[in-house]
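This report refers to the structure that appears directly beneath it.
The values are calculated or read from the model by the stated rules, or taken from the named source; none is laboratory data. From a predicted model like this one, the values you see are computed outputs, not experimental measurements. Don't worry about glycine lacking a Cβ; one is built from the backbone with ideal geometry, like all the others, and counts go over all protein chains shown.
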């Protein structure tokens with residue numbers, strides 16, 4: 001039974017593409033007052049977002065998340081006043097771990113269907129512009145998919161993203177450029 005004192009609302013968004021999941025997390029942070037508990041790739045090559053906050057704020061966050069997710073959305077859940085017994089099962093992994101920087105002007109996430117395509121795309125991106133590769137995941141636990149994140153000046157990130165897209169061609173699953181990522185996800189774009 002839900003707590004009478006108004007337990008927080010729980011929101012969960014399950015997306016088909018990791019890159020789109022990061023974009024959704026950024027949009028939610030920029031447009032709502034919701035706490036992101038976790039934003040991570042999961043088995044099956046999906047991306048999962050766990051959110052906590054007030055009921056009205058969660059309704060707004062879910063609306064934003066669903067809209068930005070578009071056709072990448074697999075499923076969603078909104079539980080106003082989630083039962084207290086549910087919370088221990090929900091990951092709470094946003095702990096400040098991850099890459100750090102004083103200023104992140106823009107970021108991009110490149111997701112491919114193969115490891116070879118990702119490595120080639122990452123090489124092309126790094127050769128065309130001044131970007132910093134932050135996270136790289138090669139197939140394990142994400143159904144053979146691969147992705148990397150990069151940061152830098154917006155013009156450099158866009159040029160690098162274009163080079164990665166051109167290189168990966170039909171093996172590119174998703175690519176998202178995030179100008180001025182929300183402070184709440186800097187260093188935690190991918191956990």
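Tabulated data
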{"read-out": "Residue among 124, 164, 129 that alone is crowded, with 24+ Cβ neighbours inside 10 Å and more than 17 Å from the chain's Cα centre (by Cα)", "value": "164"}
{"read-out": "Region 167-183, subset over 12 Å from the mean Cα position of the chain (by Cα) and not in a strand (DSSP E or B), residue nearest to residue 38 (Cα to Cα)", "value": "183"}
{"read-out": "Filter pass, residue 13 being part of a strand (DSSP E or B) and either closer than 19 Å to residue 109 by Cβ or modelled with pLDDT of 95 or more (or both)", "value": "yes"}
{"read-out": "Test: residue in region 127-139 that is in contact (Cβ under 8 Å) with a residue 40 or more places away in the chain and in a helix (DSSP H, G or I)", "value": "no"}
{"read-out": "Any hit, region 180-191, residues being under 23 Å from residue 42 (Cα atoms), surrounded by fewer than 18 Cβ atoms within 10 Å (Cβ to Cβ) and free of Cβ contacts under 8 Å to residues at least 24 places away in the same chain", "value": "no"}
{"read-out": "When residues of region 16-72 are limited to those that are free of Cβ contacts under 8 Å to residues at least 40 places away in the same chain and in a loop (DSSP other than H, G, I, E, B), the one surrounded by the fewest Cβ atoms within 10 Å (Cβ to Cβ)", "value": "33"}
{"read-out": "Single unsatisfied condition, residue 138 versus (1) closer than 24 Å to residue 69 by Cβ; (2) modelled with pLDDT under 90; (3) in contact with a helix residue (DSSP H, G or I) (Cβ under 8 Å, 6 or more places away or on another chain)", "value": "(1)"}
{"read-out": "Residue count for region 140-153, restricted to those that are free of Cβ contacts under 8 Å to residues at least 40 places away in the same chain and closer than 15 Å to residue 174 by Cα", "value": "2"}
{"read-out": "Enumeration of residues in region 140-155 that are at positive phi, touching a strand residue (DSSP E or B) at 6+ places or on another chain (Cβ under 8 Å) and not in a strand (DSSP E or B)", "value": "141"}
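Conditions tested, residue by residue: (1) within 13 Å of residue 91 (Cα to Cα); (2) at pLDDT 90 or above.
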{"site": "23", "(1), (2)": "no, yes"}
{"site": "31", "(1), (2)": "no, yes"}
{"site": "39", "(1), (2)": "yes, no"}
{"site": "42", "(1), (2)": "yes, no"}
{"site": "47", "(1), (2)": "no, no"}
{"site": "53", "(1), (2)": "no, yes"}
{"site": "62", "(1), (2)": "no, yes"}
